[in-house]
Amino acid sequence: MADTKHHASALPVETDGISYSGIVWFVVILTVTTLVCMVLMWALLKAFKYQADSSPAPSRSQVASAAAERPAAEGRVYPQVNAIGPAAAGGPQLLVNEPMNLAAQQAREHQMLTTYGWADQNAGTIRIPLDKAKELLLQRGLPVRGQTPVATPAVK
């Protein structure tokens, strides 16, 4: 006769390999840690507020007091200051009035494009206005490769 009794230890059962109790403990510890950190931050902020309310107002230095008392032109204490820092050292300076710097740069560029002047005085190179250069270019034409430059009369 065949044995029909099932033995309990015949074959092991394969599980899915997930530790559900580990996941639950992780979530519990994460929640408790988050709540503890929130309570500590709340207590720290309350302590800072209490300290700020109970301490006297800090005194200003003489330089800060003097600067605060001066009337500001256009919302600035020093409206003519473009940059802060040692200009003689050659290092970068902190630009504090960018619109004024931009206007000065545009004025320099306009002056260079519309007036005569030296491009390099040591080399004898001059700068002519842009409009005059365009007129001369239209009169003389563009140079073509392979041609020798034509001697042109001096510009008056």
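The values are calculated or read from the model by the stated rules, or taken from the named source; none is laboratory data. Note that this is a predicted model, so its numbers are computed, not measured. Cβ atoms come from the backbone with ideal geometry, glycine included; neighbour counts cover every protein chain shown.
Checked against (1) part of a loop (DSSP other than H, G, I, E, B); (2) of a type in the set (D, E, K, R); (3) modelled with pLDDT of 70 or more, R60 meets all criteria but (3). Can you confirm whether A52 is modelled with pLDDT of 70 or more, within 41 Å of the chain's Cα centre (by Cα) and outside any loop (DSSP other than H, G, I, E, B)? So A52 fits the description; yes. Among the residues of the stretch 94-124, what is the count of those that are touching a helix residue (DSSP H, G or I) at 6+ places or on another chain (Cβ under 8 Å) and under 24 Å from K134 (Cβ atoms)? Result for the stretch 94-124: 2.
For the stretch 101-156, residues that are assigned to a loop (DSSP other than H, G, I, E, B), at pLDDT 90 or above and surrounded by 10 or more Cβ atoms within 10 Å (Cβ to Cβ) total 4.
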